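The values are calculated or read from the model by the stated rules, or taken from the named source; none is laboratory data. These numbers were taken from a predicted model, which means no experiment stands behind them. No Cβ is skipped: glycine too gets one built from the backbone with ideal geometry, and neighbour counts run over all protein chains shown.
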Amino acid sequence: MFAGDAAPTASLDFNTHSGTIEIYAPKFQGEVDAATMTGTIENGLTAKPAVASRDGRGQEIGIFAGAGPRYYIRSFKGKILLKSSFPFKKKS
């Protein structure tokens, strides 16, 4: 799980074989390149849906939302969750 805002020039890579990858970016700006071989992608960052991969078994999505960090996300059979809100309360 990654939760927070990345530096504007960051390049973040996330890879898994069968686990879930969760990205929580409340002020999302940047680029996402995400794909699964047989898993699913839930996009809560934008209204753009994931599409079937070229072989029809998994899903992929590319998002460009202005200048900012680059998220490169790959999963073999795990789920990819892209969310704009934190799953927990931040302490003040």
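Select from the range 1-10 the residues that are under 20 Å from Gly66 (Cβ atoms) and at pLDDT below 90 and list them in ascending order. Spell out the reasoning first.
Taking the range 1-10 first, the residues under 20 Å from Gly66 (Cβ atoms) are 2, 4-10.
Those that are under 20 Å from Gly66 (Cβ atoms) and at pLDDT below 90: Phe2, Gly4, Asp5, Ala6.
Asp13 meets the conditions (1) surrounded by 12 or more Cβ atoms within 10 Å (Cβ to Cβ); (2) modelled with pLDDT of 95 or more in every case but one. The failed one is (1).
For the criterion of being surrounded by 11 or more Cβ atoms within 10 Å (Cβ to Cβ), in contact with a Phe, Trp or Tyr (Cβ under 7 Å, 6 or more places away or on another chain) and at pLDDT 90 or above, Ile23 passes. Among residues of the range 13-37 that are under 9 Å from Arg74 (Cα atoms), those with a Cβ under 8 angstrom from a residue that is among the hydroxyl-bearing types (Ser, Thr, Tyr) and part of a loop (DSSP other than H, G, I, E, B), sequence gap 6+ or separate chain, pair up as Ala35/Ser53; Thr36/Ser53; Met37/Ser53. Count, please, the residues in the range 59-68 that happen to be surrounded by 18 or more Cβ atoms within 10 Å (Cβ to Cβ) and modelled with pLDDT under 95. Result for the range 59-68: 1.
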